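To keep things clear, I will list the structure first and then write my remarks on it.
The values are calculated or read from the model by the stated rules, or taken from the named source; none is laboratory data. None of these values were measured; they are calculated from a predicted model. Positions of Cβ are backbone-derived with ideal geometry, glycine not excepted, and every protein chain shown enters the neighbour counts. Heavy atoms of the whole protein, side chains included, go into the accessibility calculation; ligands, DNA and RNA do not. Shrake-Rupley method; radii C 1.70, N 1.55, O 1.52, S 1.80 Å.
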Amino acid sequence: PIFTAIRTKPFVLLAGLSGTGKSRLVRSLAFATCHDSRLQEDRSKPGNFELIAVKPNWHDSGELMGYVSRINGEKYLTTSFLKFVAKAWKFPDVPFFLCLDEMNLAPVEQYFAEYLSIVETRALGSKRIQSDYLLARSQFENSGLYDQILHDLGFADQEEFAEGVSIPNNLVVVGTVNMDETTHSF
C-alpha cells in the first residue's frame, strides 16, 4: 500500500501511536531502494534518507526553506532540507526519502504550506514531471543571495538552476504523525 501511495503523490502521511515504527519504515524504504554505492558509505543511514524532527516552535517555513540573516552581513542560511533536495537532484535515478518526524507537533499549515502548494503544481513537462520553484531568483531583492544559495547547494555552474530550484522527481516526503493529545490536528 505505501508504494502505491508514493507513486500516486510524493507526499505521504503515516499516522499511529508513538513508538510504532513509522520513521523506521521510511528508513527501511530508503535502504531497500538505495542502489548507488556512492550513497551507501554510512551503514547506519542510507544516503537517500534524511530525518528532520519537527519542533513545536515552527511557525513559518524558515526551518525548512531557509532564511536571510543580517547578522554580520546579509547571507542566506541554507537548511538540511534544501541540501537534501539538492542531493536528490544529483542522483535522479535513486528515490530519496525525507522523513518529517512528528509533523503535527507544530501547525503544519504554518511551516509546510509553501511546499504543499508547490507539490500541487507538478505536471508532466518535456520528458519529466516539473513543478514551480521551491526557491526562485525572482524572490530575492538581492540576487547575490540566490547565487550564494546555488553555491551552497553545489549548483553554482549549472544553468538548469539559474532561475530557480524545483522539486526533483525522485523526492518523496513522508510525514509521521503521532495520534495523541499533545499534537495539533490537521
With respect to E50, is the statement that it is of a type in the set (D, E) and touching a residue at least 24 places away in the same chain (Cβ under 8 Å) true?
yes
Quick check, is K55 part of a helix (DSSP H, G or I) and open to solvent by 60 Å² or more (accessible area, probe 1.4 Å)?
no
Among the residues listed as L39, L17, L29, the single one being in contact (Cβ under 8 Å) with a residue 40 or more places away in the chain, open to solvent by 30 Å² or more (accessible area, probe 1.4 Å) and of a type outside the set (D, E, K, R)
L17
Lone unmet requirement of (1) open to solvent by 70 Å² or more (accessible area, probe 1.4 Å); (2) more than 17 Å from the chain's Cα centre (by Cα); (3) at pLDDT 85 or above for T4
(3)
Scanning the range 157-182 residue by residue, those in a loop (DSSP other than H, G, I, E, B), within 22 Å of E74 (Cα to Cα) and open to solvent by less than 60 Å² (accessible area, probe 1.4 Å) turn out to be A162
Condition broken by N142, with the remaining ones in (1) of a type in the set (S, T, N, Q); (2) in contact with a His (Cβ under 9 Å, 6 or more places away or on another chain); (3) surrounded by fewer than 16 Cβ atoms within 10 Å (Cβ to Cβ) satisfied
(2)
Can you name the residue in the range 128-144 that is touching a Gly at 6+ places or on another chain (Cβ under 7 Å) and not basic (K, R) and is also farthest from Y76 (Cα to Cα) among such residues?
Y133
